[in-house]
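Report on the structure given below.
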Amino acid sequence: MLKPKATSESRTLMTQLIFPQDTNHYDTMFGGKLMEYMDKVAAIAAMRHARGRVVTASTDSLDFLAPIRIGEVIEVEAFVTWTSRSSMEIYVSVISENLYSGERQTTVTAFFTFVALDDSGKPTQVAPVEPETEKEKALFLSAPERYALRKQRKQERAASTKKSD
């Protein structure tokens, strides 16, 4: 078994100013653009943990809590919360900030799953996670339930796909 890695070893933070080309006709950020940023930051966190190649396997619980407006700054933060043999759950949160008022709020949260790959593109083992903060510990403890739900959802989709073939 590999030596556990502290959550802080995978923590990744990206700060971005939101410009008009990042927004829709309501002057709020495109959800797809934000999802792109989230996937990139999650990928970096996963690569830091695995120290190798990774691919996105799933995204779930992507919750848009508040709009992000032109001129605001976002901080996209990601870290590995839990691992299975070759998969890693990454928690991603987005905080927006109005630079004039200083008001900050969580605008989006999600869980991404990445799989570590070896040089031939096959899943490879990753180290377990060692949570440090109370939030990280809570996410770590609740992760096996989310993992089981993901597996169940995947099996149900595979079964329904076979029925429609």
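Points worth noting:
- Straight-distance crosslink candidates among lysines, where the alpha carbon sits under 23 Å from residue 151 and sequence neighbours closer than 8 are dropped: 122, 137, 162, 163
- Two-site FRET efficiency, residue 27 against residue 130, from Cβ-Cβ distance with R₀ of 35 Å, rounded to 0.05: 0.25
- Chymotrypsin sites (Phe, Trp or Tyr not before Pro) within the range 47-127, DSSP loop, no more than 16 other Cβ atoms inside 10 Å: 100
- Of the peptides 146-156, 119-129, 37-47, the order by per-residue mean of other Cβ atoms within 10 Å, starting with the highest, comes out as 37-47, 119-129, 146-156.
- Above-threshold pairs, the threshold being 23 Å between Cα atoms, out of 33/154; 5/33; 5/135: 33/154; 5/33
- Loop-resident sites, the range 14-110, for GluC sites (Glu not before Pro), counting at most 11 other Cβ within 10 Å (DSSP): 103
- Principal-axis tilt of helix 31-50 within the chain, Cα atoms, nearest 10 degrees: 40 degrees
- Calculated Kirkwood radius over Cα pairs in Å (choose from (1) 18.0; (2) 16.3; (3) 16.9), label: (3)
- Rotationally averaged projected area of the range 52-142 (alpha carbon convex hull; nm²): 7.2 nm²
- Residue-count net charge about residue 151 - beta-carbon cut-off 13 Å; Lys, Arg +1, Asp, Glu -1: +2
- Axis of helix 134-164 versus longest Cα principal axis of the chain: the two differ by about 70°, to the nearest ten degrees.
- Pairwise centroid distance, computed over Cα atoms, of the range 1-53 with the range 102-155, Å: 13 Å
- Amide H contacts under 5 Å for residue 64, placed H, 5+ residues apart: none
- Amide H contacts under 5 Å for residue 58: 113, restricted to partners 5 or more places along the chain or on a different chain, H placed in the peptide plane at 1.01 Å from N.
- Each stretch of four or more DSSP H residues adds -39500 (n - 2.57); spread over every residue of the chain, this sum gives -11000 deg cm²/dmol at 222 nm.
Bear in mind that the values in this text are calculations on the coordinates, not laboratory data. For clarity, every value in this text was computed on a predicted model and none was experimentally measured. We place every Cβ from the backbone using ideal geometry, glycine too, and count neighbours over all the protein chains shown.
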